[in-house]
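Have a look at the structure below, then the notes.
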Amino acid sequence: MKRNWKEMFEKFYDLERNPFNLTPDPSLFFFSEGHEEALSRLMYSVKQRKGMVVLTGEVGAGKTTVVRKFIDSLGSSFDVVLIFNTFLSPKQLMETILMDLDIPHKQSYSKARMIRLLYDYLIEQRRLAKTVVLIIDEAQNLSPGVLEEVRMLTNLETETEKLLQIVLVGQPELKDLLLRRDMRQLKQRVFLHYHLSFLSHNEACSYIQHRLRRSGGNPDNIFTVEAIELIARASNGVPRLMNLIADNSLITGFARQERPISVSTVEEVLTEMGYDVKLGESLWEG
Ligand SMILES: Nc1ncnc2c1ncn2[C@@H]1O[C@H](COP(=O)(O)OP(=O)(O)O)[C@@H](O)[C@H]1O
Ligand SMILES: [Mg+2]
């Protein structure tokens, strides 16, 4: 039943798929100035084997999406370990890395032995001209013990370069964490820190149109210009919020058989979502 409904609204708006799905889908990637910059800096650091980089940004800014796109853009000469479960112990971190890289090991091995295995593996990959990348998302949740482990991993190097490329991704708290006095050793290992901002108003409007087009639709037939501008304004350029508002607007618009969707429909959707349109209040509570 739910599926039929979805098919009906996609048909009504002449779409091939839901344009505002919340999964970070690289094929829908929108190159805002910030997202492009984040991506190119990650690329540069990893390709030049600079060691450790940090990407921060508010919730919903698109960090995980950048990571997906980044992994997608790395060729076959890169071996990527992506960790999202940040509530790990230092030993579990090592186990996860070995497991993901298919390095034979036993759970009973000591951590030091595991690091030795990783080191041998990294040397071998280097010989094969392969780059190994460890990406940790939601890194603001890492315990001090695991962060210390990450610091130790940055010590794996030859005279000239870092053997393991590390990308730490997280909310702004990650930056505060690195600024702590007991973290200064780790902070000194960071080659580059990039903060991903929200989209500007113009970028936000283009983002909505881009996702509609990429989903097979013609933006002009789906939302009025004013409706798109209101979504951009109310969301403060936060991609996740834009998706939520636009998605709800499509559902309400379809229920009313409205095409293109008007600014008053979006206003009602915003009110339903608990937003006071009259006050010009933004949904974003940074
Ligand atoms: N540059 C972008 N292009 C396309 N979609 C994006 C972009 N940035 C964010 N999004 C969308 O916004 C939502 C939130 O992004 P996400 O990467 O999960 O944010 P974060 O990890 O910073 O909390 C996702 O649904 C994603 O599809
Ligand atoms: Mg994320």
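General observations
- Selection within the stretch 195-238: residues that are in contact (Cβ under 8 Å) with a residue 60 or more places away in the chain, away from ligand 1 (no atom under 13 Å from the Cβ) and touching a Pro at 6+ places or on another chain (Cβ under 8 Å). The member of this set that is most open to solvent (accessible area, probe 1.4 Å) is Asn221.
- Residues in the stretch 159-192 that are among the polar types (S, T, N, Q) and either farther than 13 Å from Gly51 by Cβ or at pLDDT 95 or above (or both): Gln165, Gln171, Gln185.
Rundown of residues vs (1) open to solvent by less than 40 Å² (accessible area, probe 1.4 Å); (2) touching a residue at least 60 places away in the same chain (Cβ under 8 Å); (3) more than 17 Å from Asn141 (Cβ to Cβ); (4) away from ligand 2 (no atom under 15 Å from the Cβ), yes/no style:
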| residue | (1), (2), (3), (4) |
| --- | --- |
| Glu58 | no, yes, no, no |
| Ser76 | no, no, yes, yes |
| Leu88 | yes, no, no, yes |
| Ile97 | yes, no, yes, yes |
| Ile103 | yes, no, yes, yes |
| Ser108 | no, no, yes, yes |
| Lys111 | no, no, yes, yes |
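- The set of residues from the stretch 55-68 being more than 6 Å from ligand 1 (Cβ to nearest atom) and either hydrophobic (A, V, I, L, M, F, W, C) or touching a His at 6+ places or on another chain (Cβ under 8 Å) (or both) comprises Leu55, Thr56, Val66, Val67.
- Unmet requirement for Glu16, which otherwise passes all of (1) under 24 Å from Arg116 (Cα atoms); (2) assigned to a loop (DSSP other than H, G, I, E, B): (1)
- Applying the criterion of being open to solvent by less than 30 Å² (accessible area, probe 1.4 Å), of a type in the set (A, V, I, L, M) and within 16 Å of ligand 2 (Cβ to nearest atom) to the residues of the stretch 13-47, the residue that is farthest from Pro239 (Cα to Cα) is Leu42.
- Flag: Met52 matches the condition of being more than 12 Å from the chain's Cα centre (by Cα) and modelled with pLDDT of 95 or more.
- Extreme residue, farthest from the chain's Cα centre (by Cα), among residues of the stretch 228-260 that are of a type in the set (Val, Ile, Thr) and away from ligand 2 (no atom under 16 Å from the Cβ): Thr252
The values are calculated or read from the model by the stated rules, or taken from the named source; none is laboratory data. Note that the coordinates shown come from a computational prediction; the quantities given were computed from them, not determined experimentally. No Cβ is skipped: glycine too gets one built from the backbone with ideal geometry, and neighbour counts run over all protein chains shown. Remember, those area values only see protein heavy atoms, side chains included, never the ligands or the DNA or RNA. Shrake-Rupley method; radii C 1.70, N 1.55, O 1.52, S 1.80 Å.
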